[in-house]
Each structure stands twice: as C-alpha cells, then as structure tokens.
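This report refers to the structure that appears directly beneath it.
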Amino acid sequence: MRLILATIGNNQTVKFAVEEIVRLIKKMDKNLTLDVRRYNEKDETVKNALWVGLDGSVEKSEDDRIVVKVENGAGVITGSNERSVLMAAYRFMYELGCRYLYPGADGEKIPVRSLDYKDLKVSVDETPSYRHRAICIEGSVSSEHALNTIDWLPKVGMSGFFTQFFTPGIFFRRYYKRFYEDENDRDFGNEISNPEIDAIVVSLLDELEKRGLQYHAVGHGWHCAPFGLDVTGWEIFEGEPAEEIKNILALKNGKREFWDEGKPLNTNLCYSNPFVQERITDYITDYCKNNENVDYLHFWLGDAGRNHCECDECRKKSPSDFYVDMLNMLDEKLSNAGVNTKIVFLVYNDTLYPPLMEKFKNQERFTLMFAPIAHSFSQRYADVDLENLPELPPYCLNADIKRNTTENTVSFLNEWQKMFKGDSFDFDYHLMWDHHTDPGYYNVAKNLHSDMAALEKIGLNGMVSCQLLRSAFPTGLPQYAMASALWNKEKSFDVVADEYFTAAFGENAKEVMEYLAEISDLACPEYIRGSIVVGFKDLSREELENRYGKIKALADEFCNKYANELNGTSVDWQYLKVHAVLVKLFADIYIAKAYGDEEKIALLSNQFRDTVKNAEPIIDAVCDDMYLCDDITEKYLDRH
C-alpha cells in the first residue's frame with residue numbers, strides 16, 4: 001500500500017508532525033510505502049493525498065482544536081494552530097491503535113499490523129475541555145528526563161511546559177550530584193554550573209519550539225534577581241547581606257533579615273517601598289522584551305508565608321494589594337514597550353486572600369494561578385459544595401491561614417473570582433508528593449482524574465501540574481488520566497484505566513489493574529498522609545498490620561502468578577517486579593512504625609533505599625528515586 005503524505009507549508013512543527021506519522025506508521029507496518037511531499041498550500045488537483053498542516057478549513061486560534069478527516073488513506077490532518085496539527089497527527093495514530101502511556105520510548109505502545117486503505121479511516125473534530133494543559137518541572141531530573149516529558153506532552157494533548165526560576169538549577173543538581181559526588185566517577189568534584197544548566201534549558205526550549213508548545217517561565221526569583229541575589233533553588237544565604245539588601249527585606253518581629261533559616265527565595269520584601277516596586281517591574285519588563293519566546297511569564301513573590309513586611313507603610317494595605325499595585329505597574333510598562341506577554345500571578349500562601357483595596361486595570365493582561373499547596377488530597381473538588389463554602393476569617397497580617405481543607409482553599413479562590421474575571425488555571429501537586437501515599441497509584445490516579453474533570457465546576461480553565469517529571473512507577477496511569485481529563489472531562493476514569501492497562505499488559509490487563517487497585521485500597525493513602533491534614537484516617541495497630549500484611553501477600557501472589565514469568569517480556573512487567581519488592585518493604589516499614597520499633601524502621605528504610613538504588617538501571621526513567629525514598633522513609637513516617 002502506498003500512502004501519500006503531503007506537508008502544507010514550511011513550518012517546523014507541521015514538518016515534525018509528518019515525521020512523527022512516518023515514524024509511527026512504519027513501526028506499525030514496515031511494508032507500507034510512503035510518498036512524502038511538501039507543498040506551499042493544499043492543491044486540490046493532487047489525488048489520494050493525506051494533507052497535514054493548516055489547510056484553511058479551521059479558524060486559526062491560540063486555543064487548540066484538532067480536525068482529522070481521513071478515508072481510504074486520503075484527507076486532511078489539521079487544527080487551529082501548528083501545535084494542534086501535531087496533536088492531530090498523534091490522534092490519527094491513536095485511532096489506528098497507538099498509545100502514549102508515559103514519557104520515554106518505552107511508554108509508546110505501537111501495535112504491529114498490516115494496514116490497508118480501508119484501515120485508514122478516521123473522523124475527529126475536537127476542542128479540549130480546558131485551555132491550560134501543562135506540566136511544571138520538579139523533583140530531580142536529567143536533561144533526558146525533561147526531554148522525554150516535553151516529547152510526551154503533545155502525544156496526549158498537553159499544550160505547555162514550565163521550567164521555573166531563571167536557571168532551574170536545583171532540579172538538575174539533585175539528579176546530577178550522583179555523578180559529581182561519586183569518587184569513582186570522572187566528574188567527581190565537578191558540580192554542574194549555572195551556565196551548563198542554562199545550555200540544557202536552551203536545548204529544551206528548542207524542543208518546545210519544534211512542537212509549538214507554550215512556554216511558561218520563571219515564577220520564582222523576581223524579588224531576588226533584580227537586587228543581585230542569585231537563586232536557583234532554596235539556598236541559604238551565607239554571611240550578612242549588604243545594607244542596601246537588608247534595608248528592603250520585610251520587617252518581621254522588628255528585624256529585617258532573611259526568613260526560613262536564611263533563604264532569600266522564601267523571604268518577602270518591603271513591597272510598599274517605591275524603589276522595590278519600580279526595580280522589580282523594570283526588571284520583568286526588560287526580561288519580557290528580551291525573551292519574546294515566553295508565552296506565560298510567572299511573577300511570584302516570596303515562597304514562604306507569614307513573613308510579609310510589618311513596617312508602618314506595609315501595614316496600610318494587604319500583601320495582595322501591593323501585589324496588584326505592582327501588577328498594574330508592570331502592565332503599564334509592558335504596554336508602553338509594546339510587549340504582549342501574558343503575566344501569571346499567584347494565589348498562594350498569604351495572597352490566597354484577595355486585595356482589599358486595589359483593582360486590576362487591565363485584566364486581559366493577566367492569568368490567575370490558583371496554587372492550593374496545603375489542601376488535602378483526601379477531598380476532591382467534585383465534592384465541594386459551592387453553595388455552602390466556609391466563611392473566611394478577616395485578613396490579619398502574618399497570621400496562620402486555615403487552608404488545609406479543599407473547601408477552605410476553594411473559598412479563597414471564590415473570593416478572588418468575585419473581583420478577577422480573567423483567565424485562570426490550577427497549579428496543583430497531586431504528583432509532587434501525594435502519589436507516594438498510594439503505592440498502587442490507582443486511587444491517586446482516580447482522584448487526579450476527578451479533580452481535573454471538576455476544574456470547570458470551581459471556575460478554572462485547566463491545570464499546570466507541579467510534579468515530579470518521573471512519576472510513572474509502577475505505572476503512568478495518574479498523569480495519563482490527568483491528560484485525558486484535561487482534554488475530555490467527560491471521558492470516564494474507568495474507560496481511561498481500561499485503555500491504559502490494556503495497552504501496557506494486554507491479556508493480563510484486568511488482573512494487573514485489580515492487583516494495583518487493591519494495593520491502593522489496602523495502603524489507605526488517608527492514613528499515610530498523616531494527622532497534619534484534614535481527611536486523616538487513624539488505623540489501629542491491628543488493622544494496619546492486617547492491611548499491610550495483605551499487601552505483602554498480594555505482592556507475593558502476583559509475582560508467583562504473573563510477574564516472575566512475564567518479567568522479561570516488557571519493561572512494564574519489570575517495573576511491577578521491582579515494585580513488588582518495594583511495596584513489601586513499604587508495608588514492613590509502616591508496621592514497624594506502628595510498633596514503635598525504631599531499630600527495625602532504620603534497617604528496613606536502608607533496605608528500601610538500597611533496593612531503589614540497585615533498580616536504578618530499570619526504573620530511572622519513570623521513578624524519581626530521591627523523592628520516593630525521602631517520602632517513604634522520612635516524610636510520611638514523621639507524620640505518625
């Protein structure tokens with residue numbers, strides 16, 4: 001069979017879409033004859049061609065829409081922009097049987113089959129449920145991990161990527177330190193530098209551009225960099241700050257000093273100070289003028305709460321009022337400079353309270369980012385009663401904010417929405433830490449899918465997931481379900497889960513799904529989350545030992561029946577084999593904790609870490625080993 005692929009125009013994203021169709025369809029049927037061409041525009045006189053690109057049939061828009069109309073191998077793959085064309089190309093191959101389960105080559109599941117013209121019949125015309133569908137870098141990552149994620153995004157209909165910081169050094173250093181701290185490695189003592197990380201980011205931005213993906217930038221650091229404070233993470237400032245810096249730090253408890261053990265990133269400034277306001281907004285304006293590739297520029301304040309300035313001038317208004325002052329000032333400067341970059345402002349920590357006095361002068365410039373970092377994942381957005389939200393206490397400078405329930409956080413969002421009617425999205429943390437409370441990954445996937453489907457209910461237009469880029473161990477179901485719900489909130493979780501497990505495990509899909517779902521139920525994430533969050537579920541020593549004993553027995557039974565025999569058939573089975581060992585250690589650690597056996601906890605925790613390290617060659621691409629080990633053997637243990 002001969003397939004004519006006709007590229008429309010010379011756009012690199014459209015050309016990449018054609019290259020991806022060629023790559024995938026040849027893996028599916030190596031005997032297929034491909035005739036790849038390029039035309040300046042669609043030519044109706046060409047017979048039996050499959051046209052790929054902007055053919056004029058779909059109205060252009062920055063919002064995505066995909067259209068695939070193919071019959072007998074001829075027709076059109078198009079969209080509302082070049083990024084949408086690439087998504088449409090992947091969707092065409094999805095309809096032929098391809099699945100993109102998680103980042104990396106192993107996540108692609110491409111059925112080998114013989115194709116005929118009659119098989120190439122696809123009709124799709126869809127607009128995603130939400131505008132914003134992006135992932136934000138977090139955790140410990142290599143260049144390859146970040147590239148894998150960027151490559152995966154358009155395959156599942158995701159539209160953007162967020163790098164954080166001016167130089168996202170902390171995320172790469174967390175990973176690469178395994179080399180420069182190893183005495184046996186050639187890079188021992190050669191810590192990766194900021195310029196080297198910047199070069200990695202430049203390469204990643206090339207990959208974003210090739211795919212037409214939206215670029216979210218910076219966020220952290222605008223209260224530091226304009227004043228000569230170089231931050232690439234949550235570093236502690238060594239020594240005494242210069243007087244010009246010290247004079248603009250927030251006055252707290254009668255002192256102007258770095259907050260949170262000396263971390264500039266977590267320290268707010270004296271935001272009533274005109275010098276501070278002008279310097280920050282000038283710096284952001286210059287950055288936008290020099291970085292036209294940024295689609296969404298995030299402007300955030302200090303990353304810790306309850307450390308806003310208590311000087312006489314700062315007491316006259318709330319932090320959100322001063323924030324809006326600077327946002328309005330920034331909008332005016334950008335408009336005067338002819339810069340159209342969207343500015344994302346952050347509803348988070350103390351700015352969960354909306355301004356009491358100030359208003360936005362140009363809401364079109366801004367996008368609200370709701371970041372409920374402290375809310376409990378034991379409660380879903382779908383279950384929030386919007387008609388009976390709790391009343392918020394009056395704002396009080398630097399007072400503790402009750403925000404550890406989903407209802408409370410939505411109440412804050414609701415107050416913002418009364419005065420800001422512009423664009424908005426969720427910035428949430430389901431796959432930052434919380435997935436490690438659920439070793440089966442099934443319930444966390446179900447909750448994540450539910451929350452994404454319910455974003456419209458709480459008035460948000462999508463999600464930027466602040467997550468570990470490697471979060472597909474034992475499966476990639478959570479982020480696969482997230483992407484699915486962001487594209488189509490009506491597609492049920494059961495359908496998504498069945499699709500995932502069938503693609504990964506074939507005839508054993510049902511058994512694997514039931515096994516992991518039962519582990520999720522038995523592990524009781526509400527218990528692992530601990531008593532510091534609402535939704536905490538206490539378990540007696542006997543009940544916990546019974547539940548976790550069943551987890552161990554399940555893992556043994558599953559290995560004996562399936563994983564031991566099928567371990568060599570695919571990497572997905574290898575993940576399950578490693579996971580079975582770890583989940584038993586996980587169970588033993590928490591049983592030992594219930595009995596207060598600190599010596600056994602330490603021994604088992606070391607075994608857990610050693611097992612993860614030994615499995616690194618297998619699970620590196622899908623498991624953030626640093627965060628998994630720290631969360632299981634330290635963070636969540638400390639909550640009990």
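The values are calculated or read from the model by the stated rules, or taken from the named source; none is laboratory data. Since the model is a prediction, treat every value here as computed from it, not as a measurement. Note: ideal-geometry Cβ built from the backbone for every residue, glycine included; neighbour counts use all protein chains shown. Accessible surface is based on the protein model in full, side chains and every heavy atom, while ligands, DNA and RNA are left aside. Shrake-Rupley method; radii C 1.70, N 1.55, O 1.52, S 1.80 Å.
So the values come out like this:
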| item | result |
| --- | --- |
| For segment 286-302, 3J(HN,Hα) per residue [Karplus equation, 6.51 cos²θ - 1.76 cosθ + 1.60, θ = phi - 60°, Hz, x = Gly/Pro] | 4, 4, 5, 5, 9, 9, 5, 6, 7, 8, 10, 9, 8, 10, 10, 9, x |
| Mean Cβ neighbour count within 10 Å, used as a protection proxy, ranking 559-570, 461-472 highest first | 461-472, 559-570 |
| Sorted peptide list for 170-179, 118-127, criterion being average Cβ within 10 angstrom, highest first | 170-179, 118-127 |
| Antiparallel bridges, percent of DSSP beta bridges restricted to segment 1-109 (to nearest 5) | 35 percent |
| Given charges at beta-carbon only (K, R positive; D, E negative), |dipole| of the chain in Debye | 1360 debye |
| Built amide H within the under 5 Å cut-off of Val36, gap 5+ | Leu5 |
| Top positive-direction residue, dipole computed over segment 474-572 with Cβ charges, set Phe558, Met482, Asn508 | Met482 |
| Chain lengthening between Arg37 and Glu144 when straightened (0.36 nm per residue, less Cα-Cα) | 35.4 nm |
| Listed peptides 596-609, 317-330, 277-290, 404-417 by packing density, highest first (mean Cβ within 10 Å) | 317-330, 404-417, 277-290, 596-609 |
| Probe 1.4 Å, protein heavy atoms only - accessible area per residue of the chain in square angstrom | 41 Å² |
| Phi to ³J(HN,Hα) by Karplus 6.51 cos²θ - 1.76 cosθ + 1.60 over segment 205-210, Hz, x for Gly, Pro | 5, 4, 5, 4, 5, 4 |
| Amide H within-cut-off set for Cys466, under 5 Å, with H built and near neighbours excluded | Cys136, Asp428 |
| For segment 178-214 versus segment 409-448, the gap between their alpha-carbon centres in whole angstrom | 30 Å |
| Residue among Leu576, Leu460, Ala146 farthest towards the positive dipole end of the chain, charges placed on Cβ | Leu460 |
| Apportionment of accessible area to carbon and sulfur, the chain, percent (1.4 Å) | 45 percent |
| Restricting segment 140-208 to GluC sites (Glu not before Pro) in coil, as DSSP defines it, with at most 14 other Cβ within 10 Å | Glu181, Glu183, Glu191 |
| Residues in segment 205-230 that a label on Asp286 would reach, taking backbone N under 13 Å of a point 7 Å out along Cα→Cβ | 225-229 |
| Other-chain or far-sequence residues with amide H under 5 Å of Ala49's (modelled H) | Gly75 |
| Dipole axis of segment 26-159 (+1 Lys, Arg; -1 Asp, Glu on Cβ), positive-most option in Gly157, Leu54, Leu120 | Leu120 |
| Hz values of 3J(HN,Hα) by residue in segment 170-177 - Karplus curve (6.51, -1.76, 1.60), Gly and Pro given as x | 4, 5, 6, 5, 4, 7, 6, 4 |
| Whole-number percent relative contact order across the chain, with pairs defined as alpha carbons under 8 Å at least 6 apart | 11 percent |
| When each of Lys289/Lys418; Lys27/Lys550; Lys121/Lys155; Lys27/Lys342; Lys263/Lys402; Lys121/Lys491 is checked by Cα-Cα distance, pairs over 30 Å | Lys289/Lys418; Lys27/Lys550; Lys27/Lys342 |
